[in-house]
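Structure first, then comments.
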2 protein chains.
Amino acid sequence: MPTDNKFSNVHRRGFLLSAALGGIGAAAPHAATAADNEDSVDLTQQYPFYGNAEQAGIRTPPQRHIFFMTFDLTSTQRRDLQVLLARWSAAIAQLVKGETIGQVEPDRAEASGFDTGEALNLGPASLTVTVGLGPRVFTDTYGLAAQKPALLRELRQLPSDAFRPELTGGDLSLQACADDPQVAYHAIRDLARIAKVTGTAATKWAVLGFGRASAGKGQATPRNLLGFRDGTRNIKEDADFEKFVWLKDAPDWQRNGSYQIARKIQMRIENWDTNRVSHQNDVFGRHKMSGAPLTGTAEFDTPDFQKTKADGTLLIPDTAHIRLAAFENNDGLRILRRSYNYTEGINQYGFLDAGLLFISYQNDPAAFETLQTKLGSADALNEYITHLGSAVFFVPPAPPEGSYLAEGMFATA
Amino acid sequence: MPTDNKFSNVHRRGFLLSAALGGIGAAAPHAATAADNEDSVDLTQQYPFYGNAEQAGIRTPPQRHIFFMTFDLTSTQRRDLQVLLARWSAAIAQLVKGETIGQVEPDRAEASGFDTGEALNLGPASLTVTVGLGPRVFTDTYGLAAQKPALLRELRQLPSDAFRPELTGGDLSLQACADDPQVAYHAIRDLARIAKVTGTAATKWAVLGFGRASAGKGQATPRNLLGFRDGTRNIKEDADFEKFVWLKDAPDWQRNGSYQIARKIQMRIENWDTNRVSHQNDVFGRHKMSGAPLTGTAEFDTPDFQKTKADGTLLIPDTAHIRLAAFENNDGLRILRRSYNYTEGINQYGFLDAGLLFISYQNDPAAFETLQTKLGSADALNEYITHLGSAVFFVPPAPPEGSYLAEGMFATA
């Protein structure tokens, strides 16, 4: 739970400022409509690490930036893994308060201790760091085979897969989200450093993302890099979190955990941009500007998947993304999406190297597989996207103060 | 000039919130000191494109994000270049107001016109787009050889150069800075699209940066990814802008322009992190935490380059970055730095692919060459950085309303 409600602090000065600026420059032919993002971002906001049922960074209203990294375990010692999770927990608890980590010698101006220093004085900026455990953690190597969460396994091959080994898998994951990218970057870097200097885990793949492509409760729905709102029908209500996200019927140390799936999805931006907006609308099944389903007029109108045009064809096409993904067409199945846009320059062909860091949380990885199998086979969007990387993790619940992440899994009988 | 002073609107609630949170979680052993960044960011702030002497994005207080891109001209037609600069000017003037670009059909919900749409409703977010013209613009191909700014040329080979062709050069540059990365990304993407669909220019290289590593006037000094403050001695005063940044004795269409140099500088983060802070301090010549020179106690203390320790050795070492770069040791030479941090995941060796997008403005590219020759030869920092890419551009002044960028250069006798 947030310690403060950032959305109550939002400043909505857009209209006033626009009015004040009316006399400067040309009359605006297509004035920006209301800023539906927050108009200001409060960088003093913080979310505590201890004392919640679930880890922060899942239900937390998505912050503006993410740095996501996975790791391969390099130690075969159970004890090393245990110490790493304890040290990470202690460090995360400090980082989310905007503090430096590790030893500090206050009398020596030149000493910043273990902390790498680039986030000094930047404030907490709503930082959350969410830790995940991959399938290979739960093996005889670490004496943890018996502790494996019941549904944790590698995802099966899906029709959309075009994975690059260097962007796939991992034994541990860190998802740092914050309203300042330098704060998210700093957290991951220092946690990676702890993993490295203890000889426990090495970096595997990482993505820096922005713009939170999926909305949380109380947030306007952001847009992905194809220009469409993403997250209109995302999980937002308590009952749906209970039903689809959190593990409830599970051993103590797993209860209120979840399964995390991360996919690096490249978008063929320039191809997409050559299409008419009417075609783009058919691909998604929504109107680009308003976000309304093609059968409605407002963003949150419920799509009518049966409605037809005068010629008898469906208004929301058979291959439209929202038709294939809708819970109405998937036996009620839902997943929580927490995705971010990314861009990494220009690729070798001169095109924008950009896309979506898709992250979902669900209490059964099969939910993702079911939806992605359908999307990967039939979605009109497939012409414009490629799944480059993938990984799956179990995210344990938050520890109480005085404990650390997944401590219970080491307490074997 | 900004239309509003964003720094007067800054909220400094850090202390209050910290106090309110005192009862939650453990007592903070090393509480964050005052947030010296702005505590909140006003996303309604805007900077007009027309009507200033200089282009925005040079003297403008650095925004939090940058998307920088260079282009190669693909047309050999003078007229195409002229039309592109006119279309870019008109589009930038709309973008900085938070508007969509190009044709919009308001009656059709599905039409967003030419605009790619991902920044709809995000607000202006202090967007500036700064346009540069590379050396090959000023050739007989475009009938512009006679218009070449007197000091524009490719940089000579410098000791630090380790360039990759795919990160080097360009005939045009676009520097989009904004307080929302999606706003900066959107601006560049749509301007690149104009260049492409008109067959005039193709994308060359691009970097998405964050955290503004160099400060502007009235801003606290940000930190680079090595954890050190960067920009403490940056140009901030009117007189220095006049002396070192703007072209004054130049043809009308060039007056109040400047030369822009961009370098993509990779940092060997993990190597750096293995060093003691005392060694890091010697590399920079400053204290990491406070930013003070090694001969002082506060960030803005003037370094004493003669001061020695008891054993007679210099307090600020011979090879320290600030000694080599200081105007006192370079015949008074100064350049305006406007750099940003970047990270692009994990490289093929498992290390963080991160560093600095260095951008400088000066009224003579030789100023950069002089400083970089010295730094590239002797700087202790060279062990930790590699210059991967480089480009140089002439940045013309801002156009008056009704005109467009560099219009005057086409008005040949």
Worksheet item: Is it the case that A:ILE265 is in contact with a Pro (Cβ under 7 Å, 6 or more places away or on another chain) and assigned to a strand (DSSP E or B)?
Response: no
Worksheet item: Can you name the residue in the stretch A:269-290 that is among the β-branched types (Val, Ile, Thr) and at pLDDT below 95 and is also nearest to the chain's Cα centre (by Cα) among such residues?
Response: A:ILE269
Worksheet entry | All positions within the stretch B:318-355 that are more than 20 Å from B:ILE269 (Cα to Cα) and in contact with a Cys (Cβ under 9 Å, 6 or more places away or on another chain) | B:ARG338
Practice prompt. Please verify whether the stretch B:183-191 includes one or more residues that are under 20 Å from the mean Cα position of the chain (by Cα), aromatic (Phe, Trp, Tyr) and assigned to a loop (DSSP other than H, G, I, E, B).
Written response: no
Discussion item. For the stretch A:306-327, which positions are hydrophobic (A, V, I, L, M, F, W, C) and within 21 Å of A:ALA367 (Cα to Cα)?
Written reply: A:ALA320, A:ILE322, A:LEU324, A:ALA325, A:ALA326, A:PHE327
Fill in: Residue satisfying condition, being over 22 Å from the mean Cα position of the chain (by Cα), modelled with pLDDT of 95 or more and either of a type in the set (A, V, I, L, M, F, W, C) or buried (at least 20 other Cβ atoms within 10 Å of the Cβ) (or both), within set B:PRO293, B:PRO317, B:PRO365
B:PRO293
Worksheet item: Regarding B:ALA93, is this residue at pLDDT 95 or above, surrounded by fewer than 18 Cβ atoms within 10 Å (Cβ to Cβ), within 25 Å of the chain's Cα centre (by Cα) and in a helix (DSSP H, G or I)?
Response: no
Fill in: Failed criterion for A:ALA354 (all others in (1) more than 14 Å from every other protein chain (Cβ to nearest Cβ); (2) in a strand (DSSP E or B); (3) not polar (S, T, N, Q) hold)
(1)
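Determine whether the stretch A:149-172 contains at least one residue that is without any contact (Cβ under 8 Å) to a residue 24 or more places away in the chain and under 30 Å from A:ASP249 (Cβ atoms). Even if it seems obvious, please write down each step before you answer.
Just the residues of the stretch A:149-172 that are without any contact (Cβ under 8 Å) to a residue 24 or more places away in the chain, to begin with: A:157, A:165.
Those still in the list that are under 30 Å from A:ASP249 (Cβ atoms) too: A:157.
Scanning the stretch A:149-172 turns up at least one residue that is without any contact (Cβ under 8 Å) to a residue 24 or more places away in the chain and under 30 Å from A:ASP249 (Cβ atoms).
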Worksheet item: Give me the pairs: first residue in the stretch B:301-329 and on the phi > 0 side of the Ramachandran plot, second residue surrounded by 13 or more Cβ atoms within 10 Å (Cβ to Cβ), beta-carbon distance under 8 Å, and six or more apart or on different chains, which are they?
Response: none
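Which ones in the stretch B:276-290 are surrounded by 15 or more Cβ atoms within 10 Å (Cβ to Cβ) and not in a loop (DSSP other than H, G, I, E, B)? Walk me through how you get there before you give the answer.
Kept after step one, since they are surrounded by 15 or more Cβ atoms within 10 Å (Cβ to Cβ), are these residues of the stretch B:276-290: B:277, B:280-290.
Passing the criteria: B:VAL277, B:GLN280, B:ASN281, B:ASP282, B:VAL283, B:PHE284, B:ARG286.
Every residue, every condition in (1) surrounded by fewer than 18 Cβ atoms within 10 Å (Cβ to Cβ); (2) within 12 Å of chain B (Cβ to nearest Cβ); (3) more than 27 Å from B:ALA178 (Cβ to Cβ); (4) modelled with pLDDT under 95, yes or no:
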{"residue": "A:SER8", "(1), (2), (3), (4)": "yes, no, no, yes"}
{"residue": "A:SER18", "(1), (2), (3), (4)": "no, yes, no, yes"}
{"residue": "A:GLY22", "(1), (2), (3), (4)": "yes, yes, no, yes"}
{"residue": "A:ALA26", "(1), (2), (3), (4)": "yes, yes, no, yes"}
{"residue": "A:ALA31", "(1), (2), (3), (4)": "yes, yes, no, yes"}
{"residue": "A:PHE49", "(1), (2), (3), (4)": "no, yes, yes, no"}
{"residue": "A:GLN55", "(1), (2), (3), (4)": "no, no, yes, no"}
{"residue": "A:ALA86", "(1), (2), (3), (4)": "yes, no, yes, no"}
Practice prompt. Would you mind stating whether B:ILE194 is over 12 Å from B:HIS65 (Cα atoms), over 11 Å from the mean Cα position of the chain (by Cα) and more than 10 Å from chain A (Cβ to nearest Cβ)?
Written response: yes
Response to the item:
Within the stretch A:197-224, the residues that are within 9 Å of chain B (Cβ to nearest Cβ) and outside any loop (DSSP other than H, G, I, E, B) are A:VAL197, A:ALA202, A:THR203, A:LYS204, A:TRP205, A:ALA206, A:VAL207, A:LEU208, A:PHE210, A:ARG223
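If you check A:ARG255 against the conditions, is it within 27 Å of A:PHE67 (Cα to Cα) and not aromatic (Phe, Trp, Tyr)? Steps first, please.
Details: within 27 Å of A:PHE67 (Cα to Cα): yes; not aromatic (Phe, Trp, Tyr): yes.
For A:ARG255, the condition - within 27 Å of A:PHE67 (Cα to Cα) and not aromatic (Phe, Trp, Tyr) - is met.
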Discussion item. Out of B:GLY98, B:GLY123, B:GLY117, I need the residue that is touching a Pro at 6+ places or on another chain (Cβ under 6 Å), over 27 Å from B:LYS264 (Cβ atoms) and at the interface with chain A (Cβ under 9 Å from one of its Cβ atoms). Which one?
Written reply: B:GLY98
Discussion item. Under 6 Å between Cβ atoms, which residue pairs at least 6 apart in sequence (or on different chains) link something in the stretch A:53-70 that is without any contact (Cβ under 8 Å) to a residue 24 or more places away in the chain with a partner that is assigned to a loop (DSSP other than H, G, I, E, B)?
Written reply: none
Worksheet item: Any idea which residue in the stretch B:143-179 is surrounded by the most Cβ atoms within 10 Å (Cβ to Cβ), counting only those that are among the charged types (D, E, K, R) and farther than 17 Å from B:TRP88 by Cβ?
Response: B:ASP179
Discussion item. If A:PHE67 satisfies all but one of (1) within 13 Å of the chain's Cα centre (by Cα); (2) in a loop (DSSP other than H, G, I, E, B); (3) buried (at least 21 other Cβ atoms within 10 Å of the Cβ), what's the number of the condition it fails?
Written reply: (2)
Item to complete: Just give me the residues in the stretch A:242-293 being free of Cβ contacts under 8 Å to residues at least 12 places away in the same chain and either of a type in the set (S, T, N, Q) or within 13 Å of chain B (Cβ to nearest Cβ) (or both), in sequence order.
Response: A:ASP273, A:THR274, A:ASN275, A:ARG276, A:VAL277, A:SER278, A:HIS279, A:HIS287, A:MET289, A:SER290, A:ALA292
Discussion item. When the residues of the stretch B:203-224 are narrowed to those that are hydrophobic (A, V, I, L, M, F, W, C) and over 25 Å from B:ASP238 (Cα atoms), which ends up farthest from the chain's Cα centre (by Cα)?
Written reply: B:TRP205
Discussion item. Regarding the stretch B:225-232, can at least one residue be identified that is outside any helix (DSSP H, G or I), within 13 Å of chain A (Cβ to nearest Cβ) and within 21 Å of B:GLN55 (Cβ to Cβ)?
Written reply: no
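Which residues, counting only those in the stretch B:323-351, are closer than 18 Å to B:GLN175 by Cα and either within 14 Å of chain A (Cβ to nearest Cβ) or in a helix (DSSP H, G or I) (or both)? Full working, then the answer.
So in the stretch B:323-351, the residues closer than 18 Å to B:GLN175 by Cα come out as B:335-343.
Listed by number, the residues that qualify are B:SER339, B:TYR340, B:ASN341, B:TYR342, B:THR343.
Could you list, in sequence order, the residues of the stretch B:173-214 that are within 18 Å of B:VAL83 (Cβ to Cβ) and in contact (Cβ under 8 Å) with a residue 12 or more places away in the chain?
Here is the first cut: in the stretch B:173-214, the residues within 18 Å of B:VAL83 (Cβ to Cβ) are B:174, B:190-202.
Across the stretch B:173-214, the qualifying residues are B:LEU174, B:ASP190, B:LEU191, B:ALA192, B:ARG193, B:ILE194, B:ALA195, B:THR198, B:GLY199, B:THR200, B:ALA201, B:ALA202.
The values are calculated or read from the model by the stated rules, or taken from the named source; none is laboratory data. The structure presented is a predicted model; accordingly, all values stated were derived computationally and were not measured. Here Cβ is always computed from backbone atoms with ideal geometry, including for glycine, and neighbour counts include all displayed protein chains.
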